[in-house]
Amino acid sequence: MEEEVIVKIQTKAVHAGDRKKAGAHVPVTTPIFTASSYFYDSMEELDRIFGREDPGYCYSRYDNPTNAALEEQAAALESGHGALACSSGMMAIHMALLAALADRRKSVLAANALYGATIGLLMNVMEPSGVSVRFADVCDLDAFRKAMEESKPGCVLVETISNPLLRVAALDRIAEIVRAAGGALIVDNTFATPMLVRPLELGAHFAVHSATKYLAGHGDVLGGMVVADAAHYEGLRALARVVGPVLGPFESYLTMRGIKTLPLRMERQCANACRVASWLASHGAIERVYFPADPAHPDAADIRRLLPHGMYGAIVSFELRGAGRAEVFRFMNALRMVVRATSLGDVHSMMLYPAMSSHREISPRHRERMGIRDNLVRLSVGIEAVEDIVEDLEQALRQVG
Ligand SMILES: *Cc1c(COP(=O)(O)O)cnc(C)c1O
């Protein structure tokens with residue numbers, strides 16, 4: 001398809017990356033290329049490809065046609081210059097940090113509400129290797145500005161929508177502050193997906209994803225994605241050639257197939273989540289609902305500016321009134337359709353108990369201070385009929401009440 005014909009993200013998701021000429025024919029969808037290396041007629045030809053004077057594949061740690069198709073698709077969706085498919089979301093975050101810090105001050109300023117393993121990566125891997133790490137409340141721009149001035153970080157790392165309290169960062173304002181200070185901005189866009197927010201269009205340098213979640217979307221892939229701007233893409237690829245973070249071609253194929261329906265899935269999941277959140281808010285057994293559509297949300301003004309109307313993501317967190325661990329267990333054990341599991345973003349609805357899983361390692365007092373109470377659960381709303389999701393929650397709530 002002609003580049004200029006593809007305008008809308010729904011169309012890009014279906015077409016971008018596919019239909020590359022393979023010999024005499026053009027496969028309509030991209031095959032799984034399992035070869036680790038590539039053969040050419042002459043040494044001269046191979047030499048030019050190794051030297052990157054000519055385009056072409058020589059070894060799958062450098063690039064692979066299946067991965068290249070997925071990378072083109074992801075870069076198109078995120079409005080990036082290029083992308084790197086990685087073996088996991090954590091690998092993607094690590095690669096983005098390495099690329100961002102390559103020629104900058106070895107310091108990171110990170111959002112204080114981050115995915116648990118990301119905090120682990122910063123504290124247990126980056127810091128011991130000489131990178132200074134500091135955390136700030138990125139939803140308080142004055143506090144963020146102050147932390148920027150004090151730490152002068154080479155790189156800033158934030159999530160578009162935080163877990164599990166669903167705070168929304170003012171990415172446009174943050175990008176402005178980071179750019180003025182000469183830093184690089186990495187945005188973990190896993191929860192929002194490019195259907196809600198495209199961080200590079202707002203001034204970020206990298207968007208990263210756990211492709212395990214919404215991008216692949218079916219609970220059958222572990223993968224990650226880094227999308228970079230033009231200034232950082234070559235550096236990222238050069239690092240990848242020696243670090244070897246590659247996604248396998250089978251997972252690449254599954255992710256690409258998943259992304260084709262990402263717009264449809266997200267539209268349905270976001271609509272379902274809106275319905276579930278308002279149903280929960282009016283239920284007597286629910287103490288509090290966390291959802292970005294809430295007009296009383298602390299980031300309501302940023303949400304109105306940054307998220308499309310009606311697309312608030314598909315995660316709903318809520319507190320069971322007067323419940324402790326035992327009642328939460330009883331409620332979750334009573335679920336018949338919603339799956340009790342870690343992870344999110346799949347076609348099926350899933351529920352997780354942060355105090356037991358994602359925030360288990362944090363002391364109860366610290367959890368309470370973070371606002372993560374022992375009666376809080378996180379629901380990733382799937383594509384099922386919303387009536388069935390509500391019905392399952394309702395019958396499970398009856399078991400507690
Ligand atoms: C799951 C997740 C990750 C880590 O991704 P993996 O694919 O599990 O390595 C990073 N960030 C966010 C926001 C996530 O939800």
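The residue that is nearest to residue 167 (Cα to Cα), counting only those in segment 316-350 that are within 15 Å of the ligand (Cβ to nearest atom) and crowded, with 18+ Cβ neighbours inside 10 Å, is 317.
Considering segment 69-92, and only residues there that are part of a loop (DSSP other than H, G, I, E, B) and closer than 18 Å to residue 243 by Cα, the residue that is farthest from the ligand (Cβ to nearest atom) turns out to be 87. Does residue 153 satisfy the condition of being surrounded by 20 or more Cβ atoms within 10 Å (Cβ to Cβ), modelled with pLDDT of 95 or more and either touching a His at 6+ places or on another chain (Cβ under 6 Å) or not hydrophobic (A, V, I, L, M, F, W, C) (or both)? Criteria met by residue 153. Name the single residue, out of those in segment 351-369 being surrounded by fewer than 18 Cβ atoms within 10 Å (Cβ to Cβ) and part of a loop (DSSP other than H, G, I, E, B), that is farthest from the chain's Cα centre (by Cα). In this case the residue turns out to be 363.
Does residue 243 satisfy the criteria of being within 16 Å of the ligand (Cβ to nearest atom) and out of contact with any Gly (no Cβ under 9 Å at 6 or more places or on another chain)? In short, yes. Inside segment 374-401, residues that are out of contact with any Phe, Trp or Tyr (no Cβ under 6 Å at 6 or more places or on another chain) and closer than 18 Å to residue 314 by Cα make up a count of 16.
In this structure, residue 325 qualifies as more than 26 Å from the chain's Cα centre (by Cα) and not small (Gly, Ala, Ser). Number of residues in segment 106-117 that are outside any strand (DSSP E or B) and either modelled with pLDDT of 95 or more or buried (at least 21 other Cβ atoms within 10 Å of the Cβ) (or both) equals 3. For segment 334-349, residues that are among the hydrophobic types (A, V, I, L, M, F, W, C) and within 17 Å of the chain's Cα centre (by Cα) total 2. Which residue pairs have Cβ atoms closer than 8 Å, lie 6 or more positions apart in sequence or on different chains, and pair a first residue in segment 77-97 that is assigned by TED's automatic domain parsing to the domain that holds residue 10 and farther than 21 Å from residue 126 by Cα with a second residue that is acidic (Asp, Glu) and surrounded by fewer than 24 Cβ atoms within 10 Å (Cβ to Cβ)? Once the first residue is assigned by TED's automatic domain parsing to the domain that holds residue 10 and farther than 21 Å from residue 126 by Cα and sits in segment 77-97, its partners that are acidic (Asp, Glu) and surrounded by fewer than 24 Cβ atoms within 10 Å (Cβ to Cβ) give 79/201; 80/229; 81/229; 83/72. Only one entry in 45, 53 is in a loop (DSSP other than H, G, I, E, B) and either loosely packed, with under 12 Cβ neighbours inside 10 Å or more than 21 Å from the chain's Cα centre (by Cα) (or both), namely 53. As a summary of the residue check, residue 296 satisfies the conditions (1) touching a Leu at 6+ places or on another chain (Cβ under 8 Å); (2) surrounded by fewer than 21 Cβ atoms within 10 Å (Cβ to Cβ); (3) under 18 Å from residue 164 (Cα atoms) except for the one numbered (1). Restricting attention to segment 189-239, the residues that are of a type in the set (S, T, N, Q) and more than 10 Å from the ligand (Cβ to nearest atom) add up to 1.
May I ask you to list the residues in segment 202-224 that are under 18 Å from residue 155 (Cβ atoms) and either surrounded by fewer than 20 Cβ atoms within 10 Å (Cβ to Cβ) or within 11 Å of the chain's Cα centre (by Cα) (or both)? Of everything in segment 202-224, those that are under 18 Å from residue 155 (Cβ atoms) and either surrounded by fewer than 20 Cβ atoms within 10 Å (Cβ to Cβ) or within 11 Å of the chain's Cα centre (by Cα) (or both) turn out to be 203, 207, 208, 209, 224.
The values are calculated or read from the model by the stated rules, or taken from the named source; none is laboratory data. None of these values were measured; they are calculated from a predicted model. So basically every Cβ, Gly included, is an ideal-geometry build from the backbone, and we count neighbours across all protein chains shown.
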